[in-house]
1. Out of region 122-164, which residues are surrounded by 23 or more Cβ atoms within 10 Å (Cβ to Cβ) and either in contact with a helix residue (DSSP H, G or I) (Cβ under 8 Å, 6 or more places away or on another chain) or aromatic (Phe, Trp, Tyr) (or both)?
2. Would you call Ala181 loosely packed, with under 15 Cβ neighbours inside 10 Å, closer than 21 Å to Gly82 by Cβ and either of a type outside the set (Phe, Trp, Tyr) or without any contact (Cβ under 8 Å) to a residue 60 or more places away in the chain (or both)?
3. So Trp50 ticks every box in (1) at pLDDT below 95; (2) within 28 Å of Asp74 (Cβ to Cβ) but one. Which box is left unticked?
4. In the set Thr205, Thr183, which member is of a type in the set (Ser, Thr, Tyr) and either at pLDDT 95 or above or touching a strand residue (DSSP E or B) at 6+ places or on another chain (Cβ under 6 Å) (or both)?
5. Of the conditions (1) under 16 Å from Arg47 (Cα atoms); (2) crowded, with 21+ Cβ neighbours inside 10 Å; (3) out of contact with any Lys or Arg (no Cβ under 8 Å at 6 or more places or on another chain), Leu167 satisfies every one except a single condition; which number is it?
6. Cβ-Cβ distance below 7 Å, separation of 6 or more or different chains: which pairs start in region 148-162 with a residue that is farther than 10 Å from Asp88 by Cα and end on one that is hydrophobic (A, V, I, L, M, F, W, C) and assigned to a loop (DSSP other than H, G, I, E, B)?
7. For region 8-120, which strands (runs of 3 or more DSSP E) that fit wholly inside it have 3 or more residues that are under 24 Å from Pro140 (Cβ atoms)?
Amino acid sequence: MNDGAVDDGSKDGEVLNGFRALLGEDDLSCTVSDALGRGGALEAHVRPVWPGARLVGPAVTVRTFGTDLSAVFDGIAAAAAGSVLVIDSHGVSNSAFWGERTTRAALARGLAGAVIGGACRDVVALARLKFPVFSTGITPNAGLPGGRGEVNVPVALGGQPVSPGDLIVADENGVVVVPFARTAQTLIQVRALLQAERDLLARTTDPALLQPEGVS
């Protein structure tokens, strides 16, 4: 298992930087999903909190307990710059596990964003601070500290398993999880798919030719 948190010029760091360089591509998450065999995406109700939010980074995972958000702050403290906090709130939807205070703490650590299988709050502040957050809902209710929960353990949210170090790619279309072991090959495929898409759209508008492969 790789914690995905160190960008040190290693091969892993080169792959991560390669994905980061593509973040400006329109609809990058769609291409990444295509490279994963049209899979890897969290369920459709995991949405950006503010329009235009985008992120790429290795996952630091958090599993909360009840409405306790202590582990969220523990995860922020444990995360290296460029990481994405991925929070599994085990179905709790009436308490927020993210807000302005967590955002400011995450910004101070240099985190790339947060993905929450649960709710957040303070959405006006999040938009103003331009911190990318994706969640399944919004509620004014705040979670409470209690000292429970876990950090950097396997979690599941939005119908997808996420392990520490897996690559998270998210934009206006949603969130995609790239298993750590597949990141290098996926980057190669994504680059090839992006170029093929450019070439195809530049030469034709024929609906027969624009169908995805495998469609008849």
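The values are calculated or read from the model by the stated rules, or taken from the named source; none is laboratory data. Computed from a predicted structure; not experimentally measured. Cβ: placed from backbone, ideal geometry, glycine included. Neighbour counts: every protein chain shown.
1. Selection gives Leu126, Phe131, Val133, Phe134, Gly143, Gly149.
2. Numbers: loosely packed, with under 15 Cβ neighbours inside 10 Å: yes; closer than 21 Å to Gly82 by Cβ: yes; either of a type outside the set (Phe, Trp, Tyr) or without any contact (Cβ under 8 Å) to a residue 60 or more places away in the chain (or both): yes.
Yes.
3. Looking at each condition in turn, Trp50 falls short on (1).
4. Details: Thr205 fails: either at pLDDT 95 or above or touching a strand residue (DSSP E or B) at 6+ places or on another chain (Cβ under 6 Å) (or both).
Answer to the selection: Thr183.
5. Exception for Leu167: condition (1).
6. Gly159/Leu42; Gln160/Leu42
7. Details: elements: 55-63, 84-88, 113-120.
By residue number, 84-88, 113-120.
For (1) over 17 Å from the mean Cα position of the chain (by Cα); (2) crowded, with 17+ Cβ neighbours inside 10 Å; (3) aliphatic (A, V, I, L, M), each residue gets a yes or a no:
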| site | (1), (2), (3) |
| --- | --- |
| Lys11 | yes, no, no |
| Leu23 | no, no, yes |
| Asp34 | no, yes, no |
| Gly39 | no, no, no |
| Arg47 | no, yes, no |
| Arg63 | no, yes, no |
| Ser95 | yes, yes, no |
